[in-house]
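Everything on this sheet refers to the single structure shown next.
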Amino acid sequence: MPEAVFVRPDSLSDVSTHYCPGCTHGIIHRLVAEVIDELGIRDRTVGVAPVGCSVLAYNYFDCDFHEAAHGRAPAVATGIKRARPDLAVFSYQGDGDLASIGMAEIVHCANRGEKITVVFVNNAIYGMTGGQMAPTTMPGQVATTCQMGRDVDLVGHPIRVAELISTLRTPAFIARASSHSPLAAVNAKEMLRRAFTYQVEERCFSLVEVLSTCPTNWGLTPAESTEWLEKTMLPYYPLGVFKTPDGDDRAPLPRKP
Amino acid sequence: MAKKLMKGAEAIGEAAVQAGCHLFFGYPITPQNEIPEYLSSRMPQVGGAFVQAESEVASINMLYGAAGAGERVMTSSSSPGISLMAEGISYCAGAELPVVIVNIMRAGPGLGGILPSQADYFQTTKGMAHGDFRLLALAPWSIQEAADLVQDAFDLADYYRNPVMVVGDGLIGQMMEPVEFYEDRQPIKELPPKTWASTGWKRDRPKAIINSLFLDPAELERHNFHLKEKYDLMERDEVRFATYGAVDSADVVIIAYGTVARVCLSAIEALEQEGIKVAMVRPITLWPFPYKAVREVASKAKDILVVELSTGQMIEDVRLALHRPRPIHFHCRLGGMLVSPEEVIDKVKAIKAGTSEEVQHA
Ligand SMILES: Cc1ncc(C[n+]2csc(CCOP(=O)(O)OP(=O)(O)O)c2C)c(N)n1
Ligand code: SF4
Ligand SMILES: [Mg+2]
């Protein structure tokens with residue numbers, strides 16, 4: 001009997017997604033689903049989808065879901081978790097959603113120490129609305145609302161969310177990972193596993209920033225996209241664990257994937 | 001339970017707890033701060049949660065989460081805060097979530113003032129936010145009624161799976177009056193279990209998706225018609241009002257709601273002593289508006305007077321209620337100033353004497 005060595009995680013629905021070819025949203029979905037499966041929490045997990053390319057995540061994850069207003073997923077997750085502390089609650093948010101319109105919600109959710117997990121997908125662009133500049137767009141990166149490239153003198157520098165959130169005093173697990181290579185994905189899954197585990201153990205708020213590609217709006221092929229992520233984003237967005245609830249939390253602990 | 005002297009804000013908070021609401025999310029704003037203050041210590045006593053949110057935007061989205069998870073939940077705010085909640089209220093209506101929102105109205109526009117007002121009538125009844133939805137709105141005129149309506153609001157919200165708003169002015173928040181909570185209170189509606197809620201999917205029901213997004217226009221149209229059916233039922237079954245005075249033979253019929261109606265009732269009683277017959281229709285639901293009651297009482301009265309703490313927002317609904325154009329008189333105070341019984345008495349006398357100017361419409 002041949003043994004299946006690569007199957008769809010139970011926590012992913014058996015449907016095809018609408019993501020563009022080469023988009024790593026799909027990979028990140030899979031990593032999250034594998035972690036949920038492995039922790040055995042699917043039947044008590046509730047996800048919160050953002051407004052962004054992953055708005056339809058509720059169709060792709062095979063668990064109960066809320067679709068939140070743009071940026072408000074951490075508030076929605078707070079409501080769910082406070083109502084039902086026995087549930088495992090995660091939000092899945094893009095960089096426009098989390099770091100622009102929803103900046104207040106994410107900071108205060110983290111600062112209250114809500115025992116939820118945030119999967120923060122940073123693709124340095126507003127994917128869904130067609131490639132406008134995001135708070136995470138790289139200096140010089142061309143977007144439809146900064147057609148000469150991001151001018152940091154005019155609009156400031158890209159926001160490093162993992163670093164920013166990890167300055168909060170409240171205990172938390174904060175890490176940054178990436179999705180641009182198989183090795184990076186393995187590391188990202190480990191970060192997600194730790195994040196969900198902290199929640200399941202009722203320890204703390206957890207957030208994993210995952211660098212992601214948007215070939216469509218970056219105007220690159222999938223292969224060029226992973227290369228661009230590695231060359232341009234990685235130096236500015238270092239991977240690693242920035243904070244753990246155990247207190248070894250001030251200095252980033254860079255971790256090479 | 002025996003009657004207890006309570007401040008309006010506390011009675012509203014306690015009513016929520018009595019209705020089985022163990023979750024409150026809100027952001028401070030005058031003149032309703034006593035509601036969250038009371039619940040910040042009361043919720044933990046009943047094993048619930050109080051969260052001071054970072055903004056009203058966050059509060060309403062916390063309601064969206066908690067209601068979606070199947071629990072009773074409330075927020076309270078005042079006018080500018082309600083404006084910030086508008087997007088989230090629209091999402092709750094779209095996703096059919098039962099949430100209860102208390103608006104202790106203050107004077108506006110903008111930052112306005114902190115004193116009593118009814119300036120948010122349009123906002124409450126005519127489309128608070130984007131999209132084709134309705135908000136069931138209850139307007140108490142006393143602390144006891146506020147306590148009763150808050151409890152009813154939870155039943156109505158659950159029954160219709162729709163946001164319900166309790167609208168009061170600053171007086172409702174600040175006044176002290178005797179209040180009674182009834183131990184054997186039964187829900188005013190038959191409430192089915194919330195099998196649609198996101199409580200963790202154990203494969204014993206369809207997957208719960210709390211959502212207002214319908215990218216397929218045909219599906220969204222079906223959803224819109226489904227919502228419309230609910231609004232039609234509310235219009236049929238949930239209209240609430242009270243009438244006072246000489247409803248069958250009034251010289252003047254007053255239309256007023258909330259604490260303004262109480263002031264008007266004092267005026268009506270004084271005028272009665274002088275042989276002047278005045279009736280009043282008091283809408284208790286601002287939406288659905290008691291069009292029929294207003295029409296019937298107005299048809300038997302010589303003149304119509306609207307009294308409000310706004311520049312005349314409710315006049316639009318009174319005009320809609322009448323079968324044919326009729327003169328409408330209007331009296332208001334604004335900016336946090338209150339209507340006095342004397343002002344109403346003078347206005348009624350002026351109407352009778354033919355010296356009151358009627359409201360002009362182009
Ligand atoms: C209140 C509001 N403002 C604007 C929008 C439009 N909008 C939809 S998605 C989006 C940006 C999403 O970008 P991001 O969060 O980075 O997600 P991505 O698509 O890149 O995964 C915007 C601005 C909206 N839906 N709601
Ligand atoms: S637009 Fe970008 S982020 Fe959105 S699905 Fe396509 S590649 Fe992915
Ligand atoms: Mg993005």
Contact list please: Cβ distance under 9 Å, first residue in region B:197-220 and within 15 Å of A:Ser11 (Cα to Cα) and touching a residue at least 12 places away in the same chain (Cβ under 8 Å), second residue outside any loop (DSSP other than H, G, I, E, B) and of a type in the set (A, V, I, L, M, F, W, C), pairs at least six apart or on different chains. B:Ala208/A:Val46; B:Ala208/A:Phe65
Could you please find all residues in region B:68-98 being surrounded by fewer than 23 Cβ atoms within 10 Å (Cβ to Cβ), hydroxyl-bearing (Ser, Thr, Tyr) and facing chain A (nearest Cβ under 10 Å)? B:Ser90
Say we look at region A:15-32 and pick out the residues that are in a loop (DSSP other than H, G, I, E, B) and away from ligand 1 (no atom under 13 Å from the Cβ); which of these is surrounded by the most Cβ atoms within 10 Å (Cβ to Cβ)? A:Gly22
Checking the conditions here, which among A:Gly156, A:Gly127 is small (Gly, Ala, Ser) and either away from ligand 2 (no atom under 14 Å from the Cβ) or surrounded by fewer than 19 Cβ atoms within 10 Å (Cβ to Cβ) (or both)? A:Gly156
Please go through region A:69-82 and give me each residue that is at the interface with chain B (Cβ under 7 Å from one of its Cβ atoms) and within 15 Å of B:Ser55 (Cβ to Cβ), ordered by number. A:Ala69, A:Arg72, A:Ala75, A:Val76, A:Thr78, A:Gly79
Test: A:Pro85 is within 14 Å of chain B (Cβ to nearest Cβ), part of a loop (DSSP other than H, G, I, E, B) and modelled with pLDDT of 95 or more: yes
Test result for A:Val35, on the phi < 0 side of the Ramachandran plot and either at pLDDT below 95 or within 15 Å of ligand 1 (Cβ to nearest atom) (or both): no
With the requirement that a residue be in contact (Cβ under 8 Å) with a residue 60 or more places away in the chain and not small (Gly, Ala, Ser), what does region A:90-105 give you? A:Phe90, A:Tyr92, A:Asp95, A:Leu98
Tell me, which strands (runs of 3 or more DSSP E) lie completely within region B:208-311 with 2 or more residues that are of a type outside the set (A, V, I, L, M, F, W, C)? B:241-245, B:278-283, B:303-308
I'd like the full set of residues that are of a type outside the set (Asp, Glu) and free of Cβ contacts under 8 Å to residues at least 40 places away in the same chain, limited to region B:272-290. B:Gln273, B:Gly275, B:Lys277, B:Ala279, B:Met280
Which residue pairs have Cβ atoms under 8 Å apart, sit 6 or more places apart or on different chains, and have a first residue in region A:24-47 that is within 12 Å of chain B (Cβ to nearest Cβ) and a second that is among the charged types (D, E, K, R) and part of a helix (DSSP H, G or I)? A:Ile36/A:Arg42
Checking A:Leu56 against (1) surrounded by 24 or more Cβ atoms within 10 Å (Cβ to Cβ); (2) farther than 23 Å from B:Leu84 by Cα; (3) within 16 Å of ligand 3 (Cβ to nearest atom): exactly one of these is not met. Which one? (1)
Quick check on region B:221-239. Is at least one of its residues among the aromatic types (Phe, Trp, Tyr) and either under 27 Å from B:Gln18 (Cα atoms) or in contact (Cβ under 8 Å) with a residue 40 or more places away in the chain (or both)? yes
In the set B:Ile209, B:Ile188, B:Ile172, the lone residue that is in contact with a strand residue (DSSP E or B) (Cβ under 8 Å, 6 or more places away or on another chain), more than 14 Å from chain A (Cβ to nearest Cβ) and either farther than 30 Å from A:Ala88 by Cβ or not aromatic (Phe, Trp, Tyr) (or both) is B:Ile172
Among (1) within 16 Å of ligand 2 (Cβ to nearest atom); (2) in contact with a strand residue (DSSP E or B) (Cβ under 9 Å, 6 or more places away or on another chain), the one test that A:Glu190 misses: (1)
Please indicate, with yes or no, whether at least one residue in region A:94-104 is facing chain B (nearest Cβ under 8 Å), within 16 Å of ligand 1 (Cβ to nearest atom) and either among the hydroxyl-bearing types (Ser, Thr, Tyr) or over 13 Å from the mean Cα position of the chain (by Cα) (or both). yes
Looking at region A:104-118, is at least one residue of a type in the set (A, V, I, L, M, F, W, C) and either within 13 Å of ligand 3 (Cβ to nearest atom) or surrounded by fewer than 16 Cβ atoms within 10 Å (Cβ to Cβ) (or both)? no
Need pairs with beta-carbon distance below 6 Å; first residue free of Cβ contacts under 8 Å to residues at least 40 places away in the same chain and within region A:168-186, second part of a strand (DSSP E or B); sequence gap 6+ or separate chains. none
Could you give every pair whose Cβ atoms fall below 6 Å, whose first residue belongs to region B:293-322 and is under 9 Å from B:Ile255 (Cβ atoms), and whose second residue is in a helix (DSSP H, G or I) and among the charged types (D, E, K, R), counting only separations of at least 6 or pairs across chains? B:Ala321/B:Arg295
Pairs please, first residue from region A:124-142 and over 15 Å from A:Gly156 (Cα atoms) and near ligand 3 (Cβ under 8 Å from one of its atoms), second anywhere and basic (Lys, Arg) and modelled with pLDDT of 95 or more, Cβ atoms under 6 Å, 6+ apart in sequence or on different chains. none
Give region A:48-66 a look and list any residue that's within 13 Å of the chain's Cα centre (by Cα) and free of Cβ contacts under 8 Å to residues at least 24 places away in the same chain, or say none. none
Taking A:Thr197 and the conditions (1) free of Cβ contacts under 8 Å to residues at least 60 places away in the same chain; (2) surrounded by fewer than 22 Cβ atoms within 10 Å (Cβ to Cβ), which numbered condition does it fall short on, given that it satisfies the others? (1)
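The values are calculated or read from the model by the stated rules, or taken from the named source; none is laboratory data. Not measured: the values here are computed from a predicted model. All Cβ positions, glycine included, derive from the backbone under ideal geometry; neighbour counts span all protein chains shown.
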